Structures are given as structure tokens and as C-alpha cells.
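S.K.: Dropping a structure here in C-alpha cells format, bear with me for questions.
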Amino acid sequence: RVFTSLETVYFIWDQCLLSGAALLIDDLISRVQRCGLPISAVGLPISAVGLPISAVGLPISAVGLPISAVGLLISAVGLLISAVGLLISAVDLLISAVGLLISA
């Protein structure tokens with residue numbers, strides 16, 4: 001196919017725009033990478049400190065979670081005992097009220 005001169009101009013213009021856009025994107029990526037490197041340089045030592053802390057913290061959590069579960073279970077039993085105690089008190093009050101009515 002033979003391009004007309006106008007089509008050739010449009011084709012060249014499109015190629016220039018695409019090349020310019022590619023250069024801008026490439027420049028933007030390199031700028032982002034240049035910004036990211038110092039951030040990584042700061043983040044790596046922080047990670048190096050955080051990993052041993054996590055290594056210590058995980059076994060502590062592994063011990064602490066069952067202890068918490070036992071504590072919650074004991075609290076639940078205590079609440080149940082309190083509820084039974086309240087029920088007994090209510091029955092006692094009811095018996096006292098009936099006794100007062102009978103003696104009146």
C-alpha cells in the first residue's frame with residue numbers, strides 16, 4: 001500500500017508522540033526508582049531490627065494466647081457462678097415474701 005503524504009505525516013507524528021510518551025514514562029520510572037532506593041535503605045535496617053523482635057514475640061504470643069484462653073474460661077465460670085448465686089438470692093427473696101404473706 002502506498003501512503004499519501006498526509007498519512008505519512010500523521011504516521012511520523014504518531015511515532016514521535018509514542019516515542020515522547022515512552023521517554024516520559026521511562027524518566028518517571030527512573031525518578032520513582034531513585035526515590036525508592038533511599039527509602040529501601042532506611043527500611044532494611046528497620047526490618048533487620050524488627051525480625052529478631054518478631055522472633056522473640058511469636059513464642060511469647062504462643063504462650064500468652066493459651067493463658068488468655070484459660071483466663072477467659074475462668075471468667076466465664078465465675079460469671080456463671082454469679083448468675084447461679086443471683087438466682088438463689090431471687091428464690092430466697094421469693095420464699096421470704098411468701099413467708100411474710102403467710103404470717104400476715
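The values are calculated or read from the model by the stated rules, or taken from the named source; none is laboratory data. Quick caveat: nothing in here was measured; it's all calculated off a predicted structure. So basically every Cβ, Gly included, is an ideal-geometry build from the backbone, and we count neighbours across all protein chains shown. Just the protein is used for accessible areas: all its heavy atoms, side chains included, with ligands, DNA and RNA removed. Shrake-Rupley method; radii C 1.70, N 1.55, O 1.52, S 1.80 Å.
S.K.: Condition (residue is on the phi < 0 side of the Ramachandran plot, at pLDDT below 90 and either in contact with a Cys (Cβ under 7 Å, 6 or more places away or on another chain) or hydroxyl-bearing (Ser, Thr, Tyr) (or both)) applied to the stretch 14-25: is it met by at least one residue?
M.R.: yes
S.K.: Considering only the stretch 89-104, state which residues are loosely packed, with under 10 Cβ neighbours inside 10 Å and among the aliphatic types (A, V, I, L, M).
M.R.: Listed by number, the residues that qualify are Leu100, Leu101, Ile102, Ala104.
S.K.: Looking at Ser30, Ser68 in this structure, which one is more than 24 Å from the chain's Cα centre (by Cα) and open to solvent by less than 70 Å² (accessible area, probe 1.4 Å)?
M.R.: It is Ser30.
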